[in-house]
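S.K.: Please read through the structure below; I'll follow up with questions.
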Amino acid sequence: MDIRPVDATATTDERAAVNALLGPPQSAWDGGPRGNPRDAHVAAVGGRDTRARRHLLLPALRALQSRVGWISEGGLGYVCDRLNVPPADAWGVATFYALLFTAPTPRRIVHVCDDIACKARGADAVTSALERAVGPPLGHASHSARTAPHDAAALAPRASGWMRSPCLGRCDRAPAAFVAAAGERPYEALIGDATADRVQALLNGADAGFPQGTVVRQPVEQLRLLRRVGRVDPASIDAYRADGGFAALEKARGIGAAAVIAEVTAAGLLGRGGAAFPTGRKWEAVRSEPATPHYLICNADESEPGTFKDRVLMEEDPFAIVEAMAIAAFATGCERGYVYVRGEYPLAAARLQHAIDAARVAGLLGTLDIEIRRGAGAYICGEETAIFESIEGRRGEPRNKPPFPVQAGLFGKPTVVNNVETLANVPHILLGGAAAFAAVGTAASAGTRLFCLSGNVEHPGVYEAPYGVTLRALIDLAGGLAPGRTLRAVLLGGAAGSFVRPEDVDLRLTHEDTRAAGTTLGSGVVMVLDDSVDLRALVLRIASFFRDESCGQCVPCRVGTIRQEEALHRLSAAPGGRLPAEELVLLDDVGAAMRDASICGLGQTAYSAIESAIKRLHLFDGSGAPR
């Protein structure tokens, strides 16, 4: 471990950014001036206190990034002094996240999504036009170069620049872009319907304008989770309470924790994040753990390409998420909760923070303390144990299991992790009853589900339907394909899911039916692809996505995702595009190794979509088109 102190000093702006988060130094142990002998005996803040604040490392690094646009050696050193973190350790964290830069970078950056859903809606045309008009995109790799801080001014970084980005969670208005401008008053915005002209305007300092709302195209009578979207002011606690808000929390406190868990268990609520674990069983496991304190985490780091339903709930119905967290915390004995929101969702984070503050002022949270932690661009942090590492101020690398989070999770204590949609179902279960909830859907897949329709449908967006709805009905709900187009494939479950064929459109969307069909619902992604899409380019984009997002901790995933992408590139260069037999064997071997030996779900599913493209769509059989 490198414990060499950093020689460079932080600038005034960098100190101000860190102090705004941590408060001014209280002693030499806390980054204050050295030489006061009284610190060794009477300091109010000692070494143990500063080490206990290690969990604030990522927020402190984000503060530097937001204020000056990058993390200099001096700024990093000041954070290390304040939190008693070895510089090499903090450097490892700073270089882990894609939205943090460790070399001089333009203060204003526009991230333009070129992931699969945006590709299907014209992202390649936007990025090509930007390259002609503005120049090549900034490269993520170039920002890892070491640069002495005293050279920063001489390097005179450009005022603005653009970068390619993985999925930004705005697939309902693809192509999408995310603008981040550093300064005393930092600015962030996520936009849809991005064009080259609009991105250039953002690069030149234009404001993104008023946030684009979400349009729900279904009758309110058919909705549960989406019924307030567009109808109830998301910024008004009075409007939420007038619509029945916080009645479920009051009922929960009236019937007691055990009864709440019994009701959730009887409803058959399964997790909506992809693993589909029974929520009631998870809550009971945490409640019965003798170790304290217990923690609650709302996983709002939805980064699966094609997924944006949790963003819609957080932006349009934030009080429902706060109420659901209060119920979950009451049932499981948690006094502290975290919402881990992906870094590219500034509006969702702001509206949630407002809802938390308003509920606290109204006295609705009791002793529960909820804190928002924002990610910094790491797909892997959607994995539940990677979230623990990130909140604790470390690289977001998944942990081995067991022990399981319900036994030893955040800070080594019993922890409940539920995603946003899972929690949003809880108030409806308590108010409507478990039997009514279980009566919708199927016996093994109860309730309604939010589906993210994107790609080549007339009206991309979030749609709510009971489990058991067919794929065909969902596509029709989203307006179907454009006139004259034919369906080529549907990607279910996102990049970690799999492709299905046009003849599979009558598949019932339940966990049991999709499992039997050899596919998955995952996080609810339904990406529709017509004959205008280059499917091979999408498969290559999926391979590059997993290569970029692998955290590199375990060998099967770190090496396998690279070898997988290399094999696909060799294929694309092969005469006739025909897959040589040896390449098929290699891809299968690599895929099996990742699936069987990777620590977490990223490596275990990195081959799924590619395997389905080869074996189900016959994308590489030499004909040049799927059969």
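S.K.: By the 4.7 Å beta carbon criterion, which cysteine residues of the chain come out unpaired?
M.R.: Flagged as lacking a Cys partner: Cys80, Cys167, Cys171, Cys298, Cys334, Cys381, Cys452, Cys551, Cys554, Cys557, Cys600.
S.K.: Taking amide H atoms as placed 1.01 Å from N in the peptide plane, list the residues 5 or more away in sequence, or in a different chain, whose amide H sits under 5 Å from that of Ala446.
M.R.: Distant-sequence amide H within range of Ala446: Leu270.
S.K.: May I ask which residue of Ser27, Ala597, Leu571 lies farthest towards the positive end of the charge dipole of the chain, with charges of +1 (Lys, Arg) and -1 (Asp, Glu) on Cβ and the Cα centre as origin?
M.R.: Result: Ser27, furthest along the dipole toward the positive end.
S.K.: Stretch Ala285-Asp596 to full length: gain in nm at 0.36 nm per residue minus the Cα-Cα span?
M.R.: 109.2 nm
S.K.: Suppose we flag GluC sites (Glu not before Pro) only when DSSP calls them loop and at most 16 other Cβ atoms lie within 10 Å. Which is the longest uninterrupted stretch of the chain?
M.R.: Counting only loop sites that pass the neighbour cut-off, the longest clear stretch is 185-391.
S.K.: Helix-only estimate, please: 222 nm mean residue ellipticity of the chain, summing -39500 (n - 2.57) across DSSP H runs of length 4 or more and dividing by its residues, to the nearest 500.
M.R.: One gets -11500 deg cm²/dmol as the mean residue ellipticity at 222 nm.
S.K.: Using the Cα centre of the chain as the reference point, and only Cβ charges (+1 on K/R, -1 on D/E), how large is the resulting charge dipole? Debye, rounded to the nearest 20.
M.R.: With Lys and Arg at +1 and Asp and Glu at -1, about 460 debye.
S.K.: Ordering Phe277, Phe437 by how much accessible area each has at a 1.4 Å probe, largest first, what is the list?
M.R.: Phe277, Phe437
S.K.: Separate question: Once the whole set of protein chains is in place, how much accessible area is left on His294, using a 1.4 Å probe, in Å² to the nearest 10?
M.R.: 10 Å²
S.K.: Explain nothing, just the number: dipole magnitude of the range 185-275 about its Cα centre with +1 on each Lys and Arg Cβ and -1 on each Asp and Glu Cβ, in debye rounded to the nearest 20.
M.R.: In debye, rounded to 20, the range 185-275 gives about 280.
S.K.: Under a 5 Å amide H to amide H cut-off, with H placed in plane at 1.01 Å, what residues pair with Ala189 once short-range neighbours are removed?
M.R.: Distant-sequence amide H within range of Ala189: Val179.
S.K.: Okay, next question. Rank Leu202, Val216, Leu190 by how far each Cα sits towards the positive end of the charge dipole of the range 162-266 (+1 on Lys, Arg Cβ; -1 on Asp, Glu Cβ) and give me just the farthest.
M.R.: Looking along the dipole axis, the top candidate is Val216.
S.K.: Rank these by accessible area, largest first, 1.4 Å probe: Arg34, Arg399.
M.R.: Putting Arg34, Arg399 in descending order of accessible area: Arg34, Arg399.
S.K.: Here's a follow-up. What are the trypsin sites (Lys or Arg not before Pro) within the range 174-238 that DSSP puts in a loop, where the Cβ has at most 13 other Cβ atoms within 10 Å?
M.R.: Of the trypsin sites (Lys or Arg not before Pro), the ones in loops of the range 174-238 whose Cβ has at most 13 other Cβ atoms within 10 Å are Arg217.
S.K.: Follow-up question, since we're still on this one. What distance in nm separates the two pseudo spin-label positions at Gln222 and His459, each 7 Å out from Cα along the beta-carbon direction?
M.R.: 0.8 nm
S.K.: Roughly speaking, what is the stretch gain from Leu431 to Thr95, that is 0.36 nm per residue apart minus the C-alpha to C-alpha distance, in nm to one decimal?
M.R.: 116.4 nm
S.K.: Where both partners of a DSSP beta bridge lie in the chain, what percent of those bridges are antiparallel, to the nearest 5?
M.R.: Antiparallel: roughly 50 percent of the beta bridges in the chain.
S.K.: OK, next. Tell me, in nm to one decimal, what length is gained between Ala129 and Ala574 on full extension, where the rule is 0.36 nm per residue of separation less the Cα-Cα distance?
M.R.: 157.3 nm
S.K.: What whole-number value in Å² describes the accessible area per residue of the range 237-302 for a 1.4 Å probe?
M.R.: 41 Å²
S.K.: Taking 35 Å as R0, compute the FRET efficiency from the Cβ-Cβ separation of Arg34 and Tyr187 and round it to 0.05.
M.R.: Calculated transfer efficiency: 0.40.
S.K.: Also, quick follow-up: Per-residue HN-Hα couplings for the range 211-227, Karplus 6.51 cos²θ - 1.76 cosθ + 1.60 at θ = phi - 60°, whole Hz, x for Gly and Pro?
M.R.: x, 6, x, 9, 9, 9, 9, 9, x, 4, 5, 8, 10, 10, 6, 9, 5
S.K.: Something else about it: What is the distance, in nm, between label points placed 7 Å from the Cα along the Cα-to-Cβ direction at Asp531 and at Ala439?
M.R.: About 4.6 nm, to one decimal.
S.K.: Same structure, new question: Taking the Cα centre of the range 223-311 as origin, work out the dipole magnitude from +1 charges on Lys and Arg Cβ and -1 charges on Asp and Glu Cβ, in debye rounded to 20.
M.R.: Using Cβ point charges on Lys, Arg, Asp and Glu, the range 223-311 gives about 260 debye.
S.K.: Let me ask another. List the residues, sorted by chain then number, that are 5 or more residues from Val525 or on another chain and whose placed amide H is less than 5 Å from its amide H.
M.R.: Distant-sequence amide H within range of Val525: Cys452, Gly493, Gly494.
S.K.: From the phi angles alone, apply the Karplus equation (6.51, -1.76, 1.60; θ = phi - 60°) to the range 511-516 and give each ³J(HN,Hα) in whole Hz, x where the residue is Gly or Pro.
M.R.: Here the 3J(HN,Hα) series is 5, 6, 6, 5, 5, 5 Hz.
S.K.: In nm, to one decimal, how far is the Ala258 label point from the Phe210 one, both placed 7 Å along Cα→Cβ?
M.R.: With each label placed 7 Å out from Cα toward Cβ, I get 5.2 nm.
S.K.: Still on this structure, I have one more. Tell me which of Cys113, Ser498, Ala324 sits at the most positive position along the dipole axis of the chain, charges placed on C-beta atoms (Lys, Arg +1; Asp, Glu -1).
M.R.: Of the candidates, Ala324 comes out farthest on the positive side.
S.K.: Leaving out ligands, DNA and RNA, what percent of the accessible area of the range 151-265 is carbon and sulfur, probe 1.4 Å?
M.R.: Taking all protein chains in place, the range 151-265 shows 50 percent carbon and sulfur surface.
S.K.: Now for a different question. At 20 °C and 1.002 mPa s, what whole-number value in µm²/s does Stokes-Einstein give for the translational diffusion of the range 252-393, with Rh from the Kirkwood sum over Cα pairs?
M.R.: Estimated diffusion coefficient is 137 µm²/s.
S.K.: Name the helices (complete DSSP H segments) of the chain with a Cα length along the long axis of 30 Å or more and a Kyte-Doolittle mean of at least 0.0, or state none.
M.R.: None clear 30 Å together with a mean of 0.0.
The values are calculated or read from the model by the stated rules, or taken from the named source; none is laboratory data. If you're wondering where the values come from, they're calculated on a predicted model, not measured in any experiment. A quick note on method: Cβ atoms are made from the backbone with ideal geometry, for glycine too, and the neighbour counts reach across all protein chains shown. For accessibility, only protein heavy atoms count, side chains too; no ligands or nucleic acids. Shrake-Rupley method; radii C 1.70, N 1.55, O 1.52, S 1.80 Å.
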